[in-house]
1. How much net charge surrounds Ser228 when only the other residues with a Cβ under 11 Å from the Cβ of Ser228 are counted, with Lys and Arg +1 and Asp and Glu -1?
2. What are the semi-axes of the equivalent ellipsoid of the chain, taken as the square roots of 5 times the eigenvalues of the Cα gyration tensor, listed largest first and rounded to whole Å?
3. Below 13 angstrom from the Cβ of Leu191, what's the summed charge of the other residues (Lys, Arg +1; Asp, Glu -1)?
4. Roughly how many nanometres apart are two label points built 7 Å out from the Cα toward the Cβ at Ala230 and Thr128?
5. Most mobile of Asp70, Asp218, Asp105 per a Gaussian network model of the chain (Cα springs, under 10 Å)?
6. Which net charge results when you count Lys and Arg as +1 and Asp and Glu as -1 among the other residues whose beta-carbon is under 9 Å from that of Ala63?
7. Could you pull out the GluC sites (Glu not before Pro) across the range 162-217 that fall in loop regions by DSSP (anything but H, G, I, E, B) with no more than 13 other Cβ atoms inside 10 Å?
8. Would you mind telling me the share, in percent, of accessible area of the chain contributed by carbon and sulfur at probe 1.4 angstrom?
Amino acid sequence: MTTQISKVAIVTGASRGIGAAIAKQLASEGFAVAINYASSANEASALVVELRQAGHQAIAIKADVSNAADVSRMFDETEAQLGKVDVLVNNAGILKVLPLAQHSDELFEQTFAINTRGTFNTLREAATRLNAGGRIVNFSSSTVGLNLPGYAVYIASKAAVESLTQVFAKELRGRNITVNAVAPGPVATELFLHGKSEEQIQTFAKMPPLERLGQPEDIANVISFLVSPAAAWLNGQILRTNGGLV
Ligand code: NAP
């Protein structure tokens with residue numbers, strides 16, 4: 001039983017990559033953090049241990065964001081263990097690079113189930129569960145602006161997230177909750193690096209005028225701003241966080 005003194009944040013897909021960096025950043029800023037994951041239990045537990053050892057409040061919650069019942073339970077468990085939710089970061093996502101013509105029905109459905117329905121599921125819960133003054137940050141991708149071959153289905157799933165973001169910000173009128181999205185460019189995580197040659201990675205790294213890959217912390221810093229009081233007037237926007245790529 002925890003008395004709520006900290007603000008509470010749920011970060012989906014926080015067992016590794018960008019989500020883990022966000023969880024660390026928010027914990028270091030005093031948020032009690034629910035670290036959601038789908039299958040990487042060991043990584044999620046290790047992150048909880050690391051954060052608790054540093055004196056922070058953190059729990060791990062296994063929930064598949066594409067499953068509405070799992071998402072509802074994720075909110076239940078967070079409320080029971082940490083308190084009512086102030087911040088929702090919809091970071092969980094997958095990327096499979098493959099030409100549209102080669103996509104199977106299953107892969108199309110999986111991409112939309114996690115990236116788009118996953119965001120829809122958490123937003124629907126958040127509509128009634130978030131504290132007034134809360135913050136929601138969704139995850140799009142700068143590929144939406146690049147229209148890269150091989151990314152059609154992924155881009156479509158993320159373009160839908162941008163639309164959900166812009167409309168949901170308006171639907172929460174009167175609740176004093178902001179809804180924004182970040183759209184990162186290439187970030188050095190498993191999602192981006194997996195299956196790419198060193199040459200391909202270097203090509204992506206050279207694309208932004210800042211001439212490097214993003215690091216998870218680059219994105220976590222932007223999330224930190226978006227959930228802070230300083231971002232109170234930023235609502236319904238898509239922030240391309242990519243070093244100037246597009
Ligand atoms: P990542 O390293 O592959 O990590 C993905 C995270 O999502 C993992 O913690 C994973 O947990 C979780 N996850 C996957 N499916 C899930 C599900 N059904 N339910 C709950 N959690 C699930 O990816 P990342 O690079 O950090 O990407 C994070 C977000 O940024 C994604 O939305 C991605 O589309 C977006 N993004 C990334 C880049 C990039 O270059 N990296 C660029 C633009 C946008 P499990 O291992 O437990 O499944």
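1. With Lys, Arg at +1 and Asp, Glu at -1, the net is +1.
2. 28, 19, 18
3. +3
4. 3.6
5. Highest fluctuation of the listed residues: Asp105.
6. Summing Lys/Arg as +1 and Asp/Glu as -1 gives -1.
7. Qualifying residues, ordered by number: Glu211.
8. The value for the chain is 53 percent carbon and sulfur by accessible area.
The values are calculated or read from the model by the stated rules, or taken from the named source; none is laboratory data. Keep in mind that what you see is a predicted model, and the values were worked out from it rather than measured. Virtual Cβ from ideal backbone geometry, glycine too; neighbours counted across all protein chains shown. For the accessible areas, the whole protein counts, side chains as well, though only heavy atoms, and no ligand, DNA or RNA atoms are used. Shrake-Rupley method; radii C 1.70, N 1.55, O 1.52, S 1.80 Å.
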